[in-house]
Amino acid sequence: MTSAPSLVGPLVAYTLARLCLVGAVTGLLVLAGVPLVLAVLIGVVAALPLSMLLLRGLRKRMDAGLAVVRERRSAQREVLRARLRGDELADARSDEGAEREADAGEHRPGQQ
């Protein structure tokens, strides 16, 4: 099995960085005397443009991971459509053996 780049790591890192940014803005506002609820709301709104500037590298890694996942799903979708049409593709043949092994124990609707 090949190890494709994972989307989970960059996604978790970007999410945590955004939450830390919201927390930092909120903390600064609370220290300045702004009520907590208002500080949280302002922190959430202010974190969007700040994350676009400060988290550019994390966002690029996340976008690259999304592109890999999108490409893989697109290829799988094309193989499935070709199989449903009855076309015989070279890569569909190579993937068929692995899919049959994985699907061997599954019950499919319409089968007895």
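The values are calculated or read from the model by the stated rules, or taken from the named source; none is laboratory data. Values in this document were obtained by computation on a predicted structure and should not be read as measured data. Neighbour counts run over all protein chains shown; Cβ positions are idealised from the backbone, glycine included. When the accessible area is computed, the model is the full protein with side chains, heavy atoms only, and any ligands, DNA or RNA have been set aside. Shrake-Rupley method; radii C 1.70, N 1.55, O 1.52, S 1.80 Å.
So if I check each of Val22, Val37, Val30, Val12, which one is modelled with pLDDT of 95 or more, open to solvent by 70 Å² or more (accessible area, probe 1.4 Å) and part of a helix (DSSP H, G or I)?
Working: Val22 fails: open to solvent by 70 Å² or more (accessible area, probe 1.4 Å); Val30 fails: open to solvent by 70 Å² or more (accessible area, probe 1.4 Å); Val12 fails: modelled with pLDDT of 95 or more.
Selected residue: Val37, the only one of Val22, Val37, Val30, Val12 that is modelled with pLDDT of 95 or more, open to solvent by 70 Å² or more (accessible area, probe 1.4 Å) and part of a helix (DSSP H, G or I).
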Can you run down the residue pairs with Cβ atoms below 6 Å, 6 or more apart or on separate chains, where the first is in the stretch 53-79 and open to solvent by 50 Å² or more (accessible area, probe 1.4 Å) and the partner is part of a helix (DSSP H, G or I)? Arg61/Pro10
Of all residues in the stretch 33-69, which are closer than 12 Å to Ala17 by Cα and of a type in the set (A, V, I, L, M)? Ala47, Leu48, Leu50, Met52, Leu54, Leu55, Leu58
Taking Glu101 as the residue in question, decide whether it is modelled with pLDDT under 90, open to solvent by less than 60 Å² (accessible area, probe 1.4 Å), over 30 Å from Val12 (Cβ atoms) and part of a helix (DSSP H, G or I). no
